[in-house]
Amino acid sequence: GAGVSQTPSNKVTEKGKYVELRCDPISGHTALYWYRQSLGQGPEFLIYFQGTGAADDSGLPNDRFFAVRPEGSVSTLKIQRTERGDSAVYLCASSPSQMDVFGNEQFFGPGTRLTVL
Amino acid sequence: DAKTTQPPSMDCAEGRAANLPCNHSTISGNEYVYWYRQIHSQGPQYIIHGLKNNETNEMASLIITEDRKSSTLILPHATLRDTAVYYCIAGTSGTYKYIFGTGTRLKVLA
């Protein structure tokens, strides 16, 4: 079946611009996660959704970052006034449910590589 | 969630077993050990997880010490396609905020 998809695969933007990154999770997965990965580092947690609501957004670095999941499926990560330090690969993952399956694995998409010039 | 420590890099000859260690000395009784790997330019891929007992699946085996302070991921017959960064993560069954660390970069040599 189809895995997690992310669009675009690459995004180049200029400092100060607004960007949106999209994630299509595996159908039926209620939990969705965003991570950010800088060069040479492991992925870093940003935000977790259970259904439509953000259950934990403690990893968002500042208020320029925002994410939504209005219908409990597709999610969009929004970055305002981009800075060069926002350049990274943004990864999305989904899982059937965070709460009711022990040892629940996360299924990751290929990521969106964001470059801020 | 417990912190994990892994060697930064390892080499393994093709066809041989690759044994990747992970220390998690502060792991608590209800925390699982998860292993993921990330092949270049792809998202992380789940490999295996365990709590106390050793586990095996089609990809790998996971050996957890009796005191649970460390574990070893074993790829029984490494191939060139197993070249990747391998991450060991500790967390409870309800963990959603994986802490990846920098992992072990495994290079399988022809």
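The values are calculated or read from the model by the stated rules, or taken from the named source; none is laboratory data. It should be emphasised that the depicted structure is a prediction, and the values quoted were computed from it without experimental measurement. Backbone-built Cβ (ideal geometry, glycine too); neighbour counts: all protein chains shown. Note: areas computed on protein heavy atoms with side chains; ligands, DNA, RNA excluded. Shrake-Rupley method; radii C 1.70, N 1.55, O 1.52, S 1.80 Å.
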Does A:Gln106 satisfy the condition of being open to solvent by 10 Å² or more (accessible area, probe 1.4 Å), farther than 20 Å from A:Tyr18 by Cα and in contact with a Ser or Thr (Cβ under 8 Å, 6 or more places away or on another chain)?
-> no
Among strands (runs of 3 or more DSSP E) entirely within region A:35-112, at least 2 residues that are in contact with a strand residue (DSSP E or B) (Cβ under 6 Å, 6 or more places away or on another chain) and under 16 Å from A:Lys11 (Cβ atoms) occur in A:65-68, A:75-79, A:88-95
Filter region B:12-46 for residues that are assigned to a loop (DSSP other than H, G, I, E, B), within 16 Å of B:Thr104 (Cβ to Cβ) and among the aliphatic types (A, V, I, L, M) and give the result.
-> B:Ala17, B:Ile39
Within the group A:Arg22, A:Arg113, A:Arg69, which residue is closer than 21 Å to B:Arg37 by Cβ, among the basic types (Lys, Arg), more than 8 Å from chain B (Cβ to nearest Cβ) and touching a residue at least 24 places away in the same chain (Cβ under 8 Å)?
-> A:Arg113
The correct count of residues that are open to solvent by 20 Å² or more (accessible area, probe 1.4 Å) and away from every other protein chain (no Cβ under 14 Å) in region A:25-66 is 7
